[in-house]
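Notes for the one structure printed next.
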Amino acid sequence: MDGKHAIGVDLGGTKILAGVVARDGAVVRRHERPTPQDSQEHVLDELRAAVAELLDDTVAAIGFGVPSPIDRRQGVVVQCVNVPLVGVPLRGLMHDRFSLPVGLDNDANAAAIGEWRAGAGRGVDDLVMLTLGTGLGGGVIAGGRPLRGANGAGMELGHVVIVHDGRPCQGTCTGHGHLEPYVTGIAAGLAAQEAFGPAADAHRLVRLANEGDETARAILAEIGRYLGSGMGSFVNIFGPELLVIGGGFGVAAWEYLLPSAEEVLRREALPPMRDTVRVVRAELGTAAGLIGAAFVAFEALDGE
Ligand SMILES: [Zn+2]
């Protein structure tokens, strides 16, 4: 073993994406398999299988990005949003099975680390990444290190209030007016159904916008304004050099979201960040999470 490669595993609600990743972020080979929904044991079996099928002598560490708050001290997955994993000591279980250093992080953190190390944020020490998919994940790199919050669980950037007493939040969140229910693919799908009928969804909304439909473009521009409110607040809090927008919906709708989001961002943010922060599209697509998870593995290997 020469520490050349790490396996990164991105556990999603529908798919487990796993890859062998080099120190420079290059994905040497990758696999995906469906995420079981029936039991915790089945999910753990599939995670072990995902690692086992990629393992060879060049792999020196394993990292996992999971959609859950993480107890990093204990290496425990606290509770996944959309996968049956609750209170699982994943780091210990995987270390017992494979006898390699194991890193564990929140999936949104992992995606931010991936873009920072090997994507749109290469060479930048301070960035905020927002991942707009069915939910809104976020991760922060500050002073050249991932920011994980006082308890290490990660940053819940989708759950900042942007409208007092506003829309109910998504999923199990009890909050109102959080950023998430205004800017996700689900929010876009609901707006699309209101405008175009019950069969419409976020994909169709973006397609209509691409075809020049003014109503679709207006809906996306409105979503962009809400996004801009969130971005302006994050710029004021974290002072990043770069805002990276990723996720399936964020990347697909980018050109329609960005102008209005930037307009609001530049209004809400204070100088000097207002004038210096750059907003860019993520570069790694669906691989960001597994690449970031591999860098979390290298962290564990190098004992950072
Ligand atoms: Zn919320």
ask   = For the chain, what does -39500 (n - 2.57) per DSSP helix run (n ≥ 4), summed and divided by total residues, give at 222 nm, in deg cm²/dmol to the nearest 500?
value = -12500 deg cm²/dmol
remark   = Dividing the mean separation of Cα pairs under 8 Å (6+ apart) by the residue count of the chain yields a relative contact order in percent of 22
task = Could you list, by residue number, the cysteines of the chain that have no other cysteine's beta carbon within less than 4.7 Å of their beta carbon?
result = C80
inquiry  = Suppose we keep just the alpha-carbon trace of the chain; what are its Rg and Dmax in angstrom?
reply    = 19.0, 57
key: Dipole of segment 236-304, positive end: most advanced residue of P272, G303, G285 [Cβ charges, Cα centre]   = P272
ask   = How much net charge surrounds G189 when only the other residues with a Cβ under 9 Å from the Cβ of G189 are counted, with Lys and Arg +1 and Asp and Glu -1?
value = 0
query = For segment 127-254, what is the convex hull (Cα atoms) projected area averaged across all directions, in square nanometres?
reply = 8.3
request  = Work out the length of the dipole vector of segment 246-304 about its Cα centre, built from +1 on the beta-carbon of each Lys and Arg and -1 on the beta-carbon of each Asp and Glu, and round it to the nearest 20 debye.
outcome  = 260
query = Hey, can you rank 115-122, 198-205 by average C-beta count inside 10 Å, highest first?
reply = 115-122, 198-205
ask   = Using a ≥ b ≥ c from the Cα gyration tensor of segment 1-148 (square roots of the eigenvalues), is it rounded, prolate or oblate, where a/c under 1.5 gives rounded and otherwise the larger of a/b and b/c decides, a/b for prolate?
value = oblate
query = Once whole DSSP H runs in the chain are found, which of them have Cα atoms spread over 27 Å or more along the helix axis and a mean Kyte-Doolittle score of at least -1.0?
reply = 214-238
key: Cβ charges +1 (Lys, Arg) and -1 (Asp, Glu), total dipole of the chain, debye   = 200
ask   = In nm, to one decimal, how far is the modelled label at L55 from the one at R207, with both set 7 Å along Cα→Cβ?
value = 4.3
remark   = Percent relative contact order for segment 151-304, counting Cα pairs under 8 Å at least six residues apart, stands at 18
ask   = For segment 221-268, with only Lys/Arg (+1) and Asp/Glu (-1) charged at the beta-carbon, what is the dipole magnitude about the Cα centre, in debye rounded to 20?
value = 80
ask   = Using the alpha-carbon centroid of each, what span in Å lies between segment 103-159 and segment 1-37?
value = 18
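Coordinate-derived values only; no laboratory data. Bear in mind that the values here come from a model prediction, so they are computed numbers and not experimental data. A quick note on method: Cβ atoms are made from the backbone with ideal geometry, for glycine too, and the neighbour counts reach across all protein chains shown.
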